[in-house]
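See structure below.
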Amino acid sequence: MGFKIAMSSSMHKKPVKDLIYLSSSQSSVPGLASVPAYLRGVQGVRWHLAPPPELLKDFLKSQPGELFVIVHAKSLTAKVAEAFLSWTKTKVKVSFIFIAQTIEKAAFQLSHSFPQTLFLYESEGCRIADLVTRRLQGKPVKSRKQERMRVQSEVMLKKSVLAEASPTGASVQFLREGQMQDFSQGGAQITVEEGEVSVKDFISLMYKNRHGRWVSVESQVRWVVSTATGDQIIGVQFLAVSA
């Protein structure tokens with residue numbers, strides 16, 4: 001793999017973590033301008049000039065303190081990930097964050113031996129900066145094993161049959177329209193106008209599949225972000241599907 005170089009830069013007045021960016025693709029754009037836009041929002045970091053791959057191991061060994069390395073690739077195999085992770089034997093306090101369009105399933109198994117490793121699909125888009133920031137802050141972030149697909153689909157949210165266990169209780173009737181922004185086998189991201197949804201709420205999510213049929217999915221809300229306009233962006237985990 002060939003890697004381009006990210007220039008050393010302080011993106012914040014008081015950087016708290018040292019971060020190295022490596023990419024398998026070549027770019028004519030110099031320095032940090034070559035870093036994807038979705039990574040530039042990472043909070044509290046000091047970006048480092050990355051040496052060529054053949055010198056990176058010695059570079060890591062020479063650096064004091066904890067380091068984080070982002071490896072950005074179009075396609076990530078378990079063999080490539082394992083090669084990078086072997087460098088942790090050179091420097092104990094180095095953690096890897098892998099970002100790729102496609103990730104070989106076997107690569108995720110490496111997180112059992114290297115629990116500090118994070119695997120992210122590039123389809124996470126604007127959420128990547130927040131996920132990386134949380135990881136750098138020591139907060140729990142799980143690698144997503146299912147790739148999310150960008151979609152634009154109308155959905156309907158209503159009270160789930162499991163709503164008795166919701167924080168807001170079974171008395172709340174969630175009958176609202178929303179827009180599904182992305183979708184995976186395990187969940188989806190949805191924008192709801194003037195939403196009243198809470199984390200851990202159980203909801204029934206209705207949407208049309210690719211055959212034009214309405215599908216109802218029992219789901220649980222995993223995270224909620226409120227916008228300045230009063231809308232809610234929610235992430236749901238699918239529990240059961242029925243046609």
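The values are calculated or read from the model by the stated rules, or taken from the named source; none is laboratory data. Fair warning: this is a prediction, and the values are worked out from it, not measured in the lab. Note that each Cβ is placed from the backbone with ideal geometry, even for glycine, and that neighbours are counted across all protein chains shown.
Which one is farthest from residue 178 (Cα to Cα) among residues in segment 190-235 that are of a type in the set (Asp, Glu) and outside any strand (DSSP E or B)?
201
Name the single residue that is surrounded by the most Cβ atoms within 10 Å (Cβ to Cβ) among those in segment 50-93 being out of contact with any strand residue (DSSP E or B) (no Cβ under 8 Å at 6 or more places or on another chain) and hydroxyl-bearing (Ser, Thr, Tyr). Walk me through how you get there before you give the answer.
Step one: filter segment 50-93 for residues out of contact with any strand residue (DSSP E or B) (no Cβ under 8 Å at 6 or more places or on another chain), giving 51-52, 54-55, 57-59, 61-62, 64, 77-79, 82-83, 86, 89-90, 92.
From what is left, the residues that are hydroxyl-bearing (Ser, Thr, Tyr) are 62, 77, 86, 90.
On the way: 62: 8, 77: 15, 86: 11, 90: 13.
The qualifying residue surrounded by the most Cβ atoms within 10 Å (Cβ to Cβ) is 77.
Of the residues 119, 96, which single one is within 20 Å of residue 52 (Cβ to Cβ), touching a strand residue (DSSP E or B) at 6+ places or on another chain (Cβ under 9 Å) and crowded, with 16+ Cβ neighbours inside 10 Å?
The match here is 96.
Looking at segment 48-86, which of its residues are in a strand (DSSP E or B) and farther than 13 Å from residue 23 by Cβ?
Answer for segment 48-86, where residues must be in a strand (DSSP E or B) and farther than 13 Å from residue 23 by Cβ: 48, 67, 68.
Taking the criterion of being at pLDDT 80 or above and within 30 Å of residue 17 (Cβ to Cβ), would at least one residue in segment 151-164 satisfy it?
Checked segment 151-164: no residue is at pLDDT 80 or above and within 30 Å of residue 17 (Cβ to Cβ).
Any residue in segment 186-205 that is closer than 10 Å to residue 157 by Cβ sitting within a Cβ distance under 7 Å of a residue that is hydroxyl-bearing (Ser, Thr, Tyr)? List the pairs, counting only those 6 or more apart or interchain.
Pairs found: 201/166; 201/168; 203/160; 203/219; 204/160; 204/216; 205/219.
How many residues, within segment 68-93, are modelled with pLDDT of 85 or more and either not assigned by TED's automatic domain parsing to the domain that holds residue 23 or not basic (Lys, Arg) (or both)?
So the count comes out to 17.
Would you point out which residue out of 184, 143 is under 25 Å from residue 42 (Cα atoms), of a type in the set (S, T, N, Q) and modelled with pLDDT of 75 or more? So that I can check it myself, show each step before the final result.
On the way: 143 fails: modelled with pLDDT of 75 or more.
Going through 184, 143 in turn, just one is under 25 Å from residue 42 (Cα atoms), of a type in the set (S, T, N, Q) and modelled with pLDDT of 75 or more: 184.
Taking the conditions exactly as written (hydrophobic (A, V, I, L, M, F, W, C), more than 30 Å from residue 78 (Cβ to Cβ) and at pLDDT 75 or above), does residue 197 satisfy them or not?
So residue 197 passes the test.
From 115, 64, grab the single residue that is under 20 Å from residue 47 (Cα atoms) and not aromatic (Phe, Trp, Tyr).
Being under 20 Å from residue 47 (Cα atoms) and not aromatic (Phe, Trp, Tyr) holds for just one of 115, 64, which is 64.
Counting only residues that are modelled with pLDDT under 85 and either surrounded by fewer than 16 Cβ atoms within 10 Å (Cβ to Cβ) or in the same structural domain as residue 187 (by TED's automatic domain parsing) (or both), how many does segment 122-137 have?
Adding up the residues that qualify gives 1.
If a residue has to be under 23 Å from the mean Cα position of the chain (by Cα) and either basic (Lys, Arg) or under 21 Å from residue 123 (Cβ atoms) (or both) to count, how many in segment 193-216 make the cut?
Residues meeting the conditions: 2.
Just checking, does segment 92-101 include any residue being in a helix (DSSP H, G or I), farther than 16 Å from residue 141 by Cβ and over 16 Å from the mean Cα position of the chain (by Cα)?
Looking for residues that are in a helix (DSSP H, G or I), farther than 16 Å from residue 141 by Cβ and over 16 Å from the mean Cα position of the chain (by Cα), one finds none in segment 92-101, hence no.
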